[in-house]
Structure formats: C-alpha cells, structure tokens
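Engineer: Please find one structure pasted underneath; my questions will follow.
The values are calculated or read from the model by the stated rules, or taken from the named source; none is laboratory data. What you see is a predicted model; the values in this text were computed from it and never measured. FYI the Cβ positions are ideal-geometry reconstructions off the backbone, even for glycines, and counts take in every protein chain you see.
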Amino acid sequence: MTHSPAPWRIEHDIEGLESIWDADSRIIADAFYSENPSDAALIAAAPELLEACKAMLRYDESKSVPASMYRKNIEQIKSAIAKAEPK
C-alpha cells in the first residue's frame, strides 16, 4: 500500500479549519486549528519524515555509503522535523 503523493501541504480557511492536501490537490485530512495547531503540521510532514527514516535505514544497513550521503540524510531529517514542528 502506498500513501498519497508528497509533498503534503496545509491550507487554512477563515473558520479555523486546516486542510491537508496531497501533491495531486486531494484532501487527506482536516484539523481544527483551535484543537492543536501542531497537529496539521505533523500530519503534513508525514511523507518527509517517513522518507528520512527510510533513507537513514538504507545508510545504516549498507555501511558503505559515503559521508556526504550521510550528511544529506541528516539534512533531510532536519528538514522534515522543521516542517513537523513549525515555529
């Protein structure tokens, strides 16, 4: 099973509803801003978080990946975390 295509994005409406949309402009989920504003960000970051985890596992399992690839994976993880935890 595959998930909806990334990247996922958040759109806000005037009534406080946050909708999470996939790359094909389909709604994945709705979250009410008043409940917890971080929930929508975490949901929208899910594909990037998953891919960052998979990339790090590939590095760990191969043990032969160059240091530059490891640094790229770390940057991918940092980027996904930043998307999941907006300031």
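Engineer: For Asp60, are the conditions met, namely being modelled with pLDDT of 90 or more and either more than 14 Å from the chain's Cα centre (by Cα) or assigned to a helix (DSSP H, G or I) (or both)? Don't jump to the end; show me each part of the working.
Structural biologist: Numbers: modelled with pLDDT of 90 or more: no; either more than 14 Å from the chain's Cα centre (by Cα) or assigned to a helix (DSSP H, G or I) (or both): yes.
Spelling it out, it is not the case that Asp60 is modelled with pLDDT of 90 or more and either more than 14 Å from the chain's Cα centre (by Cα) or assigned to a helix (DSSP H, G or I) (or both).
Engineer: Of the residues that make up segment 66-79, is at least one modelled with pLDDT under 85, among the hydroxyl-bearing types (Ser, Thr, Tyr) and touching a Gly at 6+ places or on another chain (Cβ under 9 Å)?
Structural biologist: Looking for residues that are modelled with pLDDT under 85, among the hydroxyl-bearing types (Ser, Thr, Tyr) and touching a Gly at 6+ places or on another chain (Cβ under 9 Å), one finds none in segment 66-79, hence no.
Engineer: Right, here's the next one. Which of the residues spanning segment 12-51 are of a type in the set (Asp, Glu), modelled with pLDDT of 90 or more and closer than 19 Å to Ala82 by Cα?
Structural biologist: As a first pass, look at segment 12-51 and keep what is of a type in the set (Asp, Glu): 13, 15, 18, 22, 24, 30, 35, 39, 48, 51.
Of the ones still in play, those that are also modelled with pLDDT of 90 or more are 22, 24.
Result: Asp22, single match.
Engineer: Which of the residues spanning segment 1-34 are surrounded by 14 or more Cβ atoms within 10 Å (Cβ to Cβ) and not in a strand (DSSP E or B)?
Structural biologist: Ser4, Ala6, Trp8, Asp22, Tyr33
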